[in-house]
Amino acid sequence: MQQQQTIIRRNQAAYALISAALFLCLAPARSDAAQSNTVDAMCLLEEHNALRASVGVADLRWSDALARQATGWANGLKKAGCGMKHSHTAKAGENLYWASPLKTGTRSKGKSAWKWRLTQQPITGRNVVAAWATEQPWYSRTTNTCDAPPGKTCGHYTQMVWETTREVGCGKAVCNDNSQIWVCNYAPAGNVVGQRPY
């Protein structure tokens with residue numbers, strides 16, 4: 001009986017921890033945080049691990065070293081005009097995500113001209129991981145093939161769930177026009193030609 005109560009308490013503690021993590025991930029970012037280049041490591045890690053759990057592979061660990069590398073690359077892309085380009089870092093996998101700014105307009109009463117403004121979208125780690133996870137239906141585990149529409153790929157999804165990948169670290173940069181570039185690096189790298197992700 002005591003053993004059963006201990007198991008129940010452990011399960012309750014685990015559910016409480018998962019609920020707290022989901023709450024943190026779903027809570028809207030504060031406006032000052034949204035304007036910064038920081039990422040919510042816990043949210044990104046939880047979202048990656050939820051996807052990995054759905055296919056039966058082990059959780060990833062957060063890597064501060066990979067996060068610094070990802071942030072450095074995002075800042076480099078910002079300095080180069082915010083284009084999307086892979087770093088080709090040896091031994092690390094990499095996913096990139098770009099979010100456009102929001103364009104909003106206002107018009108003063110009695111005036112015909114609009115005043116336009118570009119603002120940053122309230123993108124979270126959950127949005128980024130979910131965007132990459134949309135590739136999942138195109139991947140066939142049976143044939144180890146990707147049936148993505150033209151111009152699309154399965155590589156973001158397969159990197160996130162690659163069984164031998166153990167660590168992830170992410171960073172972002174907010175560009176001068178308020179667009180955003182997010183970078184996640186993975187070690188060891190996945191997407192090895194001829195191998196299955198899981």
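The residues of the range 43-121 expose on average 63 square angstrom of accessible surface per residue, using a 1.4 Å probe on protein heavy atoms. Applied to the range 97-104, the Karplus parametrisation 6.51 cos²θ - 1.76 cosθ + 1.60 on θ = phi - 60° returns per-residue 3J(HN,Hα) values of 9, 10, 10, 6, x, 8, 9, 10 Hz, with x for Gly and Pro. Loop-located trypsin sites (Lys or Arg not before Pro) in the range 104-140 (DSSP state not H, G, I, E or B) with no more than 13 neighbouring Cβ atoms inside 10 Å: 107, 109, 111.
Within the set of other residues whose C-beta is less than 12 Å from the C-beta of residue 75, count the net charge using Lys and Arg as +1 and Asp and Glu as -1. Once positives and negatives cancel, what remains is +4.
Only protein atoms count toward the accessible area here, which uses a 1.4 Å probe; on the range 27-184, the carbon and sulfur part of that area reaches 52 percent. When Rg and the Kirkwood radius Rh are both evaluated on Cα atoms of the range 90-193, their ratio Rg/Rh stands at 1.16.
The values are calculated or read from the model by the stated rules, or taken from the named source; none is laboratory data. Just so we're clear, the structure is a prediction, and the values are computed from it rather than from any experiment. Quick reminder, even Gly has a Cβ in these numbers, built from the backbone with ideal geometry, and neighbours come from all protein chains shown. Calculation scope for accessible area: heavy atoms of the full protein, side chains included, ligands and nucleic acids excluded. Shrake-Rupley method; radii C 1.70, N 1.55, O 1.52, S 1.80 Å.
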